[in-house]
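**Student:** Input: one structure, supplied below.
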Amino acid sequence: MIGCYDFCGHYEWTFGWLERVGGHALVRDYWNEAINHDSQSHARDLIRREGIPGMLKYWGHTLLEESPDLGFNITHTADVFRIDFHDCPSRGFLRRNGLKHYHDYCDHCMGWTGPMLGEAGYVIDHEHNHLGQCWWEMRKAGTPGGHAPAGSVAGPKDVRLRPDWPKDPAKLDRYTKANDPDAKMP
Amino acid sequence: MSAPASSPLPHVDTKPQGSADFYYAVNATFRFLLQRLGPDGWRRYLEELGRGYFEPVNRQWSQGGLPAVARYWRAFFAAEPGAVVDVVEHPDRVEVQVRECPAIKHLRAGGREIVGEYCQHCYFLGAARAEAAGLTLRLSGGSGSCCHTYARRETGLAPQDLREIKEARS
């Protein structure tokens, strides 16, 4: 049986298998069709219906279940929904167990949330360091703001204030007003 | 970090049980693979997953035999929320008696459309893992409760009849 306890392990393995079988396009389709439109249809419906309050309901619940020791922080206002991951539960699982079958596991988050939020009318500013730390800001498409200065939205819980947050931009994957996992800034 | 020596699970987490909503993703993955690659592609995925991702478990089983199989499944289902399972050891086989499948239970509770072939995944995946460990697997039942029987190859279990595996119903 495929279990949920080590889900992140076989999920990550699946990305590598799909890429070998059908190339990058099949991986992208998997994130959008299987995860966004099927597995996470409850999140999709909630956020399309309620916007930022729906994001709070979805991520508030799911992150607490996946990361009961609170390796994350959620901040929200009427205009922006922000998550800071200080200890990503799924990337952390892979790192602790030495699992790597796909070149960038972190891409899967933008792979399914990007299209999901795009369908709900939102865009994403995001950076991840591949080591279990990242941040996300979600705003209505066409509104100002984005890549808010460190600490200005999440205060001291902004992951970019960590001493180990990379100073070298080349060590970060960075997105601006994005909905596409391949829209990384150069 | 590798799994602690006390755990039969090759990959361990910091929390005692997984998040049941991940069963939604497993079900969705099967649907996607069946639609895109057909039954043969889905089966190939499961067999390669069984030989590849689960290689550390297969090695444990190969080295530890049926007692290692029993230890693994007890630890596995202890980490799956909602599972009601008995693992029964016989001299020539191990029976994993799944009284309440945690995946089917959660998919139903969430109102999800369950892939009809869902329960076959346990056979295709498990048979590939068993074969890699010098064992055989037979499966009967499904759609919420079933029995997996692991035995040494020389035990000579009757061939698997896929009709013994029920279609999963939502």
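The values are calculated or read from the model by the stated rules, or taken from the named source; none is laboratory data. Note that the structure is predicted; figures quoted are calculated from it, not measured. Positions of Cβ are generated from backbone atoms using ideal geometry, with glycine treated the same way; all protein chains shown enter the neighbour counts.
**Student:** Right, B:F32: at the interface with chain A (Cβ under 8 Å from one of its Cβ atoms), modelled with pLDDT of 95 or more, touching a Ser or Thr at 6+ places or on another chain (Cβ under 9 Å) and surrounded by 21 or more Cβ atoms within 10 Å (Cβ to Cβ) or not?
**Tutor:** Criteria not met by B:F32.
**Student:** I've got another one for you. Before we move on, is B:V12 among the hydrophobic types (A, V, I, L, M, F, W, C), outside any helix (DSSP H, G or I), within 11 Å of chain A (Cβ to nearest Cβ) and under 25 Å from B:G141 (Cα atoms)?
**Tutor:** no
**Student:** State yes or no: is B:A75 surrounded by 15 or more Cβ atoms within 10 Å (Cβ to Cβ), within 12 Å of another protein chain (Cβ to nearest Cβ) and closer than 22 Å to B:C146 by Cα?
**Tutor:** In short, yes.
**Student:** Could you list all residues from the stretch A:78-101 that are within 30 Å of A:G142 (Cα to Cα), of a type outside the set (A, V, I, L, M) and free of Cβ contacts under 8 Å to residues at least 60 places away in the same chain?
**Tutor:** Those that are within 30 Å of A:G142 (Cα to Cα), of a type outside the set (A, V, I, L, M) and free of Cβ contacts under 8 Å to residues at least 60 places away in the same chain: A:F81, A:C88.
**Student:** Checking A:P53 against (1) modelled with pLDDT under 95; (2) out of contact with any Cys (no Cβ under 9 Å at 6 or more places or on another chain), only one condition comes out false. Which one?
**Tutor:** Checking A:P53 against (1) modelled with pLDDT under 95; (2) out of contact with any Cys (no Cβ under 9 Å at 6 or more places or on another chain), the one that fails is (1).
**Student:** Could you please let me know if A:T113 is hydroxyl-bearing (S, T, Y), surrounded by fewer than 21 Cβ atoms within 10 Å (Cβ to Cβ) and not in a loop (DSSP other than H, G, I, E, B)?
**Tutor:** Judged against the criteria, A:T113 is not a match.
**Student:** Another question, then. Pairs, please: C-beta under 6 Å, at least 6 apart or cross-chain, first residue free of Cβ contacts under 8 Å to residues at least 60 places away in the same chain and in the stretch B:65-91, second in a helix (DSSP H, G or I)?
**Tutor:** B:A83/B:F77; B:A83/B:P102; B:V85/B:F77; B:V87/B:A70; B:V87/B:W73; B:V87/B:R74; B:E89/B:A70
**Student:** Hey, among B:S6, B:S19, which residue is of a type in the set (S, T, Y) and more than 7 Å from chain A (Cβ to nearest Cβ)?
**Tutor:** B:S6
**Student:** Related question: Given the conditions (1) closer than 15 Å to B:L137 by Cβ; (2) of a type in the set (A, V, I, L, M); (3) out of contact with any Pro (no Cβ under 6 Å at 6 or more places or on another chain), which single one is not true for B:A103?
**Tutor:** Here B:A103 meets the rest and fails (1).
**Student:** Return the residue satisfying two criteria in turn: it lies in the stretch B:112-133 and is of a type in the set (G, A, S) and in contact with a Ser or Thr (Cβ under 8 Å, 6 or more places away or on another chain), and of such residues it is farthest from A:H37 (Cα to Cα).
**Tutor:** Step by step, filter the stretch B:112-133, then rank; the result is B:A133.
**Student:** Farther than 15 Å from B:L135 by Cβ and surrounded by 15 or more Cβ atoms within 10 Å (Cβ to Cβ): which single residue out of B:R43, B:R93 fits that description?
**Tutor:** Answer to the check: B:R43.
**Student:** Okay, next question. Here are some conditions: (1) in a helix (DSSP H, G or I); (2) in contact (Cβ under 8 Å) with a residue 40 or more places away in the chain. A:D104 meets all but one. Which one does it not meet?
**Tutor:** Every listed condition holds for A:D104 apart from (1).
**Student:** Do you know which residues across the stretch B:56-70 are within 14 Å of chain A (Cβ to nearest Cβ) and surrounded by fewer than 15 Cβ atoms within 10 Å (Cβ to Cβ)?
**Tutor:** Listed by number, the list holds a single entry, B:P56.
**Student:** Scan the stretch A:133-182 residue by residue and report those that are touching a residue at least 60 places away in the same chain (Cβ under 8 Å) and part of a loop (DSSP other than H, G, I, E, B).
**Tutor:** Result: A:T143, A:G145, A:A148, A:V153, A:A154, A:D158, A:R162, A:N179, A:D180, A:P181, A:D182.
**Student:** A further question follows. Counting only residues that are more than 12 Å from the chain's Cα centre (by Cα) and among the hydrophobic types (A, V, I, L, M, F, W, C), give me the strands (runs of 3 or more DSSP E) lying completely in the stretch B:50-152 with at least 2 of them.
**Tutor:** Per the criteria, B:84-89.
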